[in-house]
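Following: one structure in C-alpha cells, then a few remarks.
The values are calculated or read from the model by the stated rules, or taken from the named source; none is laboratory data. Here the structure is a predicted model, which means the values were calculated and not measured. As a convention, Cβ positions derive from the backbone with ideal geometry for all residues, glycine included, and neighbour counts pool all protein chains shown. What goes into the accessible areas is simple: the full protein's heavy atoms, side chains included, and nothing from ligands, DNA or RNA. Shrake-Rupley method; radii C 1.70, N 1.55, O 1.52, S 1.80 Å.
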Amino acid sequence: MSKTFDRYTGLLFLAIGAMFVVESFKLSQSAYGSEIGPNIFPMSLGIALILLSIRLVYETFRYTDAKKNSVKLDYKRFGIILIAAILYAALLETLGYVITTFLFLLIGFQTMQRGKVWVSVIIAGCFSIGVYYLFVVLLQGSLPPFPSWMSFS
Amino acid sequence: MGTLEYLMQGFATALQWHNLLFAFFGVLIGTAVGVLPGIGPMSGIALLMPITASITSGLPAEAAATSSIILLAGVYYGAMYGGSTTSILLNTPGESSSVVTTLDGHQMAKNGRAGVALAICAIGSFAAGLVALTGLILLANPLAGIALKFGPAEYTSLMLLGLLAVSGLGGKSITKALMMTVFGLLLATIGIDAVSGVTRFTYDMPVLYSGLEFLTIAVGLFAVGEVFKAILERESNDGEIAKINRILPTKQDLKDSSLPIARGSVLGFFIGVLPGAGATLASFFSYIMEKKLSKNPKKFGNGAIEGVAAPESANNAAAGGAIIPLLTLGIPGSGSTAILMSAFIMFNITPGPLLFEEHPDVAWGLIASMFVGNAILLILNLPMVKVFAKVVETPAKYLIPLIIGFSFFGVYAVQFSVFDLGLLIACGVAGYFLSKNDFPIAPLVLGLVLGPMIENNLRRALTISNGDVMIFIQKPLSLTFIIIGILWIITPLFLKLRGKKLILNEEG
C-alpha cells in the first residue's frame, strides 16, 4: 500500500467524478413522459465518486505507510513489451494479423529471455499462422489479411 | 411441465454429442487455465468467449448459446479445480480460492501423498458439484417465481445490495472498493442512453456510441494486468514440483474425508448463493469449521486430508451456488459470474426470472451440463493428474507473450477495432497498478455489467413515483434489501473498529 499512490489516485478519481458531474449538466434534464432525464444517474454517481475520493485522500493522512517489501521492478522489460504491444495494435490493420503477431511474439519471447532464437521463431510462427488459419480459413472468422502489396493473400 | 421433466430435457440437451464435446473441452481448457500462472477463471472465460462464438456460429441461435455457455461454464469450474493443483504441487495457489488448500495440500505432497491429495480434490469437487446441482434444481424455480413479482424498485435495491456486498468484502479498504464500484457504474453510462436515445460522454466519437465494451475492459484488467505484473515482478514458478506416486486414495482416506466433503459442499453452496461472498470465503470458512470439529486439530497444517477435502469441496460448491442468483435473478454476485452473464448477453439471452420460461433449453441444458461436466472432470482428472502437473512447468517466457497474443486476438476478433486494442492495453496498465495498491477490480467489472440494468430500473422506478426517492423505502422488499446492503458495509467497519481480523474475498 503506497500512500503517495493512494493520494494521487484519490485526486485523479476526484477529477474524474467532477468531470462527469460537470458534463452531466450538458445532458437533457428530462426524457419523454418522465422527469427523470439521462443526466440524473451519472450526476449522482459523479458526486458519490467525489465524496469517496475525498474520503480516500483524507484516509491517506491517517495511516502510516506499510513497509514496502522491496521487489525490484523490471521496468525495462515492461517498457519494451508495452511499446511492442502498442505498435502491435497500431500496425495490426496495415500489416495484417500474421506479420504483426509474429513480430510481437518474437520480440516478447526475446525480451523475456535472450537466446534460442530459433525456438522463438518457430513458436511465434506456429501461433500466428495457426490462429490465422484456424480462425479465418476453418471458422470463417475475419482478421486483417496480409497487406495487398504482398503477392500472397 | 414439472421441474423433473425440464431437467430430463436438459440432460437430453447436455448429452448431445457436440455438447458433450463442448463440456469436455471447457473442462479441459479450464483446468489448464487454472493450473497456468497468470490466467484465472475470469480471464479464461473472457478470452474464450470470442472463440466459442465463432465455433458455434453454424448452429441455430439458441443451440449456439447453449453450447457456448456450456463450454464457458466448464471453463469456470474446471479452473476452480485446476487452481488447487498448483497449490498442492508447488505451494503456489493458482486462484485465491485455493489459498487454503496450500496449508495441508502441500504438506501432503511433501509426505509423498501428492497424488492422493489431488484425487481427493477431484472427488470433493465432484461431490460438491452434485450438491450445488441439487440446490440449483430445488431453488431455481421458486426463486425465479419470487423474482417475477419484483418491480423496478425492488430490482434496483437488490442490485444495489449485490454491489454493496461485493464492495464490502472486496478488498482491504471499503472506500477503495466503493470507489471502484462507482467508477464501473460511471463507465457504463458512456454511450447512447437506452431510455432517451441521447448520447452521453461520447464527444462525437463513433467508437464510443455503443459504450465501452465490457469484454475488452475485463480482459484488460484481469488477463493483461496479471501479465504485466508477471513481467514487472519477474514472477516465476521455479519452486520444486512435488512428485506424484500413488493416486488412488486408500479406504481410510476416503473414510476420513467423506464427512468433510459433505459439510464443505453444503456450507460452500450456501455461501456461494450469497452475493459478494464467493469461493474464497467458502474455502476459508470450511477449513476453519473442520479444524474446530476435528478431534485432533493439531493434524491440520501437517498434511491432514480433511484440510484438503473440505475447502476444495467448499470452493467448488460455492462456484455452483454463485450461478443461482445469476440464472434466477439475473444478477451476478462475483466477477466470474459477471463475465458469464456477459456471455449470455452476447447471445441475446438475458439471464433472470424469465430465462426459465423463455429459454428453458438454455437454462436446464446448462444445469444438466454442470452435472455432466463434473463427471467428466472426475474421469479426466484422475488419470491426467500427471499431465496437468507438467502444464505447470510451462516456461513463463513463452507463456506471457502468448497470453497477450491471445488477449489481442480475443478482443479484435469480436470488436474489429483498434480502439479496443488501445483500451485493452490501457486497462492492462491500470489493472496492474490498481490491484497492486489494493484497489479491487471485481467491483469495477460488476459495476460495469450492472450499470445499465440499475440505471434502467432506477429510472423506471422514479418515473412511476414521479421522482420521489421514497419509493425505495416504502416498498417493504426493497427496504429490506437496502437495509441488508447497508449492514453488509457497516458490519465489517464495526468489526474492524473492535480490532477483529477479517477474511477477505479477493478474486483473481
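The largest-to-smallest principal axis extents of the Cα set in chain B are 67, 53, 48 Å. Taking the protein heavy atoms of the protein assembly as shown in the context of the full set of protein chains, the accessible area attributed to carbon and sulfur is 68 percent at 1.4 Å. Counted without the sites themselves, the longest stretch of chain A free of trypsin sites (Lys or Arg not before Pro) in a DSSP loop having at most 14 other beta carbon atoms within 10 Å is A:73-113.
Which net charge results when you count Lys and Arg as +1 and Asp and Glu as -1 among the other residues whose beta-carbon is under 12 Å from that of B:P452?
0
Our estimate of slack between A:I54 and A:Q140, defined as 0.36 nm per intervening residue step minus the Cα-Cα distance, is 25.8 nm. On association of chains B and A, roughly 5600 Å² of accessible area becomes buried (total for both chains; probe 1.4 Å). Centroid-to-centroid, using Cα positions, region B:102-160 and region B:287-317 are 17 Å apart. Based on the Stokes-Einstein relation at 20 °C and a viscosity of 1.002 mPa s, and on the Kirkwood radius from alpha carbon pairs, region A:75-138 is assigned a translational diffusion coefficient of 176 µm²/s. To the nearest ten degrees, helix B:306-321 and the longest principal axis of the Cα atoms of chain B are 20 degrees apart.
Between B:T350 and A:A18, the modelled label-to-label distance comes to 3.8 nm, taking each label 7 Å out from Cα in the direction of the beta carbon. The convex hull defined by the C-alpha atoms of region B:350-412 has an orientation-averaged projected area of 6.9 nm². For B:A194, project a label point 7 Å along Cα to C-beta. Then give me every residue of region B:354-368 with its amide nitrogen under 17 Å of that point. What the label zone holds, given the 17 Å backbone N cut-off, is B:354-355. If R0 equals 25 Å, the separation of the Cβ atoms of A:Y133 and B:L21 corresponds to a calculated FRET efficiency of about 0.75. Taking a ≥ b ≥ c as the square roots of the eigenvalues of the alpha-carbon gyration tensor, the protein assembly as shown is classed rounded because a/c is under 1.5.
Counting only DSSP H runs of at least 4 residues, each contributing -39500 (n - 2.57), and dividing by the residue count of the protein assembly as shown, the helix-based mean residue ellipticity at 222 nm comes to -23500 deg cm²/dmol. For B:T199, the residues whose modelled amide H falls within less than 5 Å of its own, excluding neighbours fewer than 5 places apart on the same chain, are B:D193. About its Cα centre, the dipole of the protein assembly as shown is roughly 2320 debye, where the only charges are +1 on Lys and Arg Cβ and -1 on Asp and Glu Cβ. Qualifying trypsin sites (Lys or Arg not before Pro) in region B:421-503, where qualification requires a DSSP coil assignment and no more than 12 other C-beta atoms within 10 Å, comprise B:R498, B:K500, B:K501. Note on B:A426 and B:T3: their simple-model spin labels are 4.7 nm apart, each label 7 Å out from Cα toward Cβ. Equivalent-ellipsoid semi-axes for chain A (Cα gyration tensor, √(5λ), whole Å, largest first): 45, 30, 11. If you take the Cα centroid of region B:422-477 and the Cα centroid of region B:330-386, the two points sit 24 Å apart.
The residues of region B:183-219 listed by number as losing at least 40 Å² of accessible area in the complex, against the isolated chain and with a 1.4 Å probe, are B:F183, B:L186, B:R200, B:F201, B:Y203.
Hey, what's the protein assembly as shown come to in accessible area per residue, 1.4 Å probe, Å²?
Numbers: 27510 Å² over 661 residues.
Here the residues of the protein assembly as shown average 42 Å² of exposed surface.
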